[in-house]
Every structure is written in C-alpha cells, then in structure tokens.
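Peer 1: Handing you a structure now.
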Amino acid sequence: MTTTRSPLIAAVLCCLIPAAAGCASGAARVPSPSAAPRAGLHSLAAGYLAIAEPANRRLDAEVHADADHAHHDLAAAEQALRAEAATGRQFDRQLAGMSFPPPIEATARALIRVNEIRARLALRQAAAASIPALLSFTSSHEAADAEIEAQVRVIRAELRLPPPRTS
C-alpha cells in the first residue's frame, strides 16, 4: 500500500507546493483603500460570500457524510466524495465568473487551482475498490484541504472579510 500512496502523495504535493508558493507571496498582499474603492470591495466581498457560504454548508455536510461512512460503508463514502468534488467545482465556476482586481484575481485563480486538485483527488478516492484503499487517501486529502483553507484565508483578507470559522 505504501508504494501506491507515495506516488499519489508526491503528485499531490507537486501540485500543491507551487500553489502554496503563490499563496505565500499573496498572503502579504492586502489591497490598500486606493487599490479598490470601498464600495467596490464591499460588493466583491458580498458576492464572494454569496457563493462561499452555501458551498461551505453543502461541503460541511458532505465531509461529515464521508467521515461517518469511510470506515464501514464504502458506497456511502464514495457518494459523499463525489458530492464534495461536485460542490467544489460548482464553487469554482461561480468564483471564476466574478471579476476581481488583479491581485485578488490571482488569489481566486490559485484557490480554483487547489480546489480542482482536491476535486480530482476526491474522485480518485471515490473510485477506491475497498475501505483500506479509500482510507489510503486521507493524508493527501487533508493536505489539499489545508491548502484550500490557506487560500481562503488570503482571499478573505484581500476582501477585508473576517477569517473563516474553523472547519
């Protein structure tokens, strides 16, 4: 099992590390009041929350369903993982449809990239033939989740929103 996990973890990390580097450089970027007028920034923040909050509620339910079933009900866990991927991709499409100033746009694109990595990983995990195989993805999935949470913290700071509640 280690030999199949190592290439997967390496592949995920190869995708996440460049995204994290983009996040690290963007983490210090918080737009000044002159970079985006307050009214415009407020509107962008409201638009972001309008898509993020419902997606977060759905994702929370799907993650809980996956966790509830991962150790004993392969079919239910797989269904929850497919739902997680679909929710993430729907959020990505909505986020991509928003128009941001360049610094925030770069963060939005980075968030979409790492969210897509997580969606692909969730679908690979959902295709697992056994519970042990499904569980072998746990650390990779957690790493992808952590990277997404880092990107979310950055975009929320750029939009002058409070940090997200713990997930």
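Peer 1: Residues Phe91, Phe100: which one is under 14 Å from the mean Cα position of the chain (by Cα), open to solvent by less than 40 Å² (accessible area, probe 1.4 Å), of a type in the set (Phe, Trp, Tyr) and under 30 Å from Gly40 (Cβ atoms)? First the steps, then the outcome.
Peer 2: Details: Phe100 fails: under 14 Å from the mean Cα position of the chain (by Cα).
When all the criteria are applied, what remains is Phe91.
Peer 1: Among the residues of region 133-150, count how many are open to solvent by less than 40 Å² (accessible area, probe 1.4 Å), among the polar types (S, T, N, Q) and either within 13 Å of Arg118 (Cα to Cα) or at pLDDT below 95 (or both).
Peer 2: Looking only at that region, the number is 1.
Peer 1: Mind counting the residues in region 151-167 that are open to solvent by less than 20 Å² (accessible area, probe 1.4 Å), hydrophobic (A, V, I, L, M, F, W, C) and either part of a helix (DSSP H, G or I) or at positive phi (or both)? Break it down into steps so the answer makes sense when it comes.
Peer 2: We begin by selecting, within region 151-167, every residue open to solvent by less than 20 Å² (accessible area, probe 1.4 Å); these are 151, 154-155, 158-159.
Of the ones still in play, those that are also hydrophobic (A, V, I, L, M, F, W, C) are 154-155, 159.
Among the residues that remain, those that are also either part of a helix (DSSP H, G or I) or at positive phi (or both) are: 154-155.
Residues flagged as open to solvent by less than 20 Å² (accessible area, probe 1.4 Å), hydrophobic (A, V, I, L, M, F, W, C) and either part of a helix (DSSP H, G or I) or at positive phi (or both) within region 151-167 amount to 2.
Peer 1: Taking the criterion of being outside any helix (DSSP H, G or I), over 26 Å from Ala46 (Cβ atoms) and without any contact (Cβ under 8 Å) to a residue 40 or more places away in the chain, would at least one residue in region 131-150 satisfy it?
Peer 2: So the first thing to find is which residues in region 131-150 are outside any helix (DSSP H, G or I), and the list is 136-137.
Next, from what is left, pick out any that are over 26 Å from Ala46 (Cβ atoms): 136-137.
Keeping just the survivors that are without any contact (Cβ under 8 Å) to a residue 40 or more places away in the chain gives none.
Among the residues of region 131-150, not one is outside any helix (DSSP H, G or I), over 26 Å from Ala46 (Cβ atoms) and without any contact (Cβ under 8 Å) to a residue 40 or more places away in the chain, which makes the answer no.
Peer 1: Would you point out which residue out of Arg82, Arg109, Arg120 is under 21 Å from Leu49 (Cβ atoms) and of a type outside the set (A, V, I, L, M, F, W, C)? Walk me through how you get there before you give the answer.
Peer 2: Values: Arg82 fails: under 21 Å from Leu49 (Cβ atoms); Arg120 fails: under 21 Å from Leu49 (Cβ atoms).
Of the residues listed, the single one that is under 21 Å from Leu49 (Cβ atoms) and of a type outside the set (A, V, I, L, M, F, W, C) is Arg109.
Peer 1: Here's another thing I want to ask about it. Looking at region 67-86, I want the residues that are outside any helix (DSSP H, G or I) and have a partner that is surrounded by fewer than 19 Cβ atoms within 10 Å (Cβ to Cβ) with Cβ atoms under 9 Å, at least 6 apart or on another chain. Which pairs are those?
Peer 2: Within 9 Å, the pairs are Ala70/Ala76; Ala70/Ile131; Ala70/Leu135; Ala70/Thr138; His71/Ile131; His71/Leu135; His72/Ile131; Asp73/Ile131.
The values are calculated or read from the model by the stated rules, or taken from the named source; none is laboratory data. The shown structure was predicted, so the numbers you read here are calculated from the model rather than taken from an experiment. Don't worry about glycine lacking a Cβ; one is built from the backbone with ideal geometry, like all the others, and counts go over all protein chains shown. The protein model used for the area step is the full one, side chains on, heavy atoms only, and it has no ligands, DNA or RNA in it. Shrake-Rupley method; radii C 1.70, N 1.55, O 1.52, S 1.80 Å.
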